[in-house]
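Trainee: Structure incoming, see below.
The values are calculated or read from the model by the stated rules, or taken from the named source; none is laboratory data. Predicted, not measured: the structure shown is a model, and the values here were computed from it. Cβ atoms come from the backbone with ideal geometry, glycine included; neighbour counts cover every protein chain shown.
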């Protein structure tokens, strides 16, 4: 798939960002991706409900696991995305209808919200996948207590791989390069702050759960000292930050990048669209 360079981007009356690979929100490919993702997420949560264990009745439920927290954020992200798809109408303005129909305007607001949620969900899911499969390859007992059997392969993939894949597809093919245009110059610092907040919020959360339950969700936490656990969360936060940067680089490789000329075209298109005129 050839990448778009800034020189190949043309002004457009479409609501889709010129660098965005496929129409989204839409009831086509975009809607299909989000439906597939939500079906997978539903099956994962259903597995938890159908197979209760000690975590089902403990403080924090299965939300003690980073995997389930990530799955919850991903589910919210894709619910918002699918609502945007379902309410999308008249994706392209025309001189005869220069303003957005109410449903389309609502759809675009949902789409923007989805893109903000994905700033956390996508790098978080990829980080979870990297950490899980790496640690599992070293010693699966570091992840799950011997008393609790690992889920079947189908569900294991549903928990620890599918979310990363569908969020990556959404980020690279169904989203603009950043929720706002142009991309925020502080994007690296914003994603660093988000990664730090996620990592240390999770640390605080599992310590609260430990104080109530007397055990950690992952056996590896029990083997580490407090200082070592903090170090693990710092490393995890750094990985999430690097993944976020990697997604932005991959987006530019796949779709192209925003140049000064391109941003000026977008600005002019917005001005012309607002007055009911097109270039």
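Trainee: Can you tell me how many residues in the range 166-201 are surrounded by fewer than 20 Cβ atoms within 10 Å (Cβ to Cβ), closer than 18 Å to residue 111 by Cβ and modelled with pLDDT under 95?
Mentor: Final tally of qualifying residues: 7.
Trainee: Can you tell me which of (1) touching a residue at least 12 places away in the same chain (Cβ under 8 Å); (2) not in a helix (DSSP H, G or I) is the one residue 169 doesn't meet?
Mentor: Result: residue 169 fails condition (2) only.
Trainee: Sort out which residues of the range 181-207 are in contact with a helix residue (DSSP H, G or I) (Cβ under 7 Å, 6 or more places away or on another chain) and under 14 Å from residue 66 (Cβ atoms), and write them in order of number.
Mentor: 195, 198, 199, 200, 202, 203, 206
Trainee: While we're here: With 200, 159 as the choices, which residue is in a helix (DSSP H, G or I) and without any contact (Cβ under 8 Å) to a residue 60 or more places away in the chain?
Mentor: When all the criteria are applied, what remains is 200.
Trainee: If residue 139 passes every condition in (1) surrounded by fewer than 19 Cβ atoms within 10 Å (Cβ to Cβ); (2) part of a loop (DSSP other than H, G, I, E, B); (3) at pLDDT 80 or above but one, which one does it miss?
Mentor: Of everything listed in (1) surrounded by fewer than 19 Cβ atoms within 10 Å (Cβ to Cβ); (2) part of a loop (DSSP other than H, G, I, E, B); (3) at pLDDT 80 or above, residue 139 misses just condition (2).
Trainee: Now for a separate question. What residue, of 24, 107, is at pLDDT below 95, in a helix (DSSP H, G or I) and under 27 Å from residue 256 (Cα atoms)?
Mentor: Details: 24 fails: in a helix (DSSP H, G or I).
Just a single option satisfies the conditions, and that option is 107.
Trainee: Pick out, from the range 204-279, the helices (runs of 4 or more DSSP H) lying fully within it that include 2 or more residues that are at pLDDT 95 or above and under 21 Å from residue 167 (Cβ atoms).
Mentor: Values: elements: 219-223, 226-255, 260-274.
The qualifying helices (runs of 4 or more DSSP H) are 226-255.
Trainee: Which of the residues spanning the range 181-197 are touching a residue at least 60 places away in the same chain (Cβ under 8 Å) and in a loop (DSSP other than H, G, I, E, B)?
Mentor: Listed by number, the residues that qualify are 181, 182, 183.
Trainee: Across the range 203-212, which residue is surrounded by the most Cβ atoms within 10 Å (Cβ to Cβ) among those that are in contact (Cβ under 8 Å) with a residue 12 or more places away in the chain and farther than 17 Å from residue 232 by Cα?
Mentor: Let us first name the residues in the range 203-212 that are in contact (Cβ under 8 Å) with a residue 12 or more places away in the chain, namely 203, 205-206, 208-209, 212.
Checking the rest, the ones that are also farther than 17 Å from residue 232 by Cα come to 208-209, 212.
On the way: 208: 13, 209: 20, 212: 11.
Restricting to residues being in contact (Cβ under 8 Å) with a residue 12 or more places away in the chain and farther than 17 Å from residue 232 by Cα, the top hit is 209.
Residue-wise test of (1) surrounded by fewer than 21 Cβ atoms within 10 Å (Cβ to Cβ); (2) closer than 21 Å to residue 175 by Cα; (3) touching a helix residue (DSSP H, G or I) at 6+ places or on another chain (Cβ under 9 Å); (4) in contact (Cβ under 8 Å) with a residue 40 or more places away in the chain.
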site: 28; (1), (2), (3), (4): yes, yes, yes, no
site: 48; (1), (2), (3), (4): yes, no, yes, no
site: 58; (1), (2), (3), (4): yes, no, yes, yes
site: 62; (1), (2), (3), (4): yes, no, yes, no
site: 66; (1), (2), (3), (4): no, no, yes, yes
site: 86; (1), (2), (3), (4): yes, yes, yes, yes
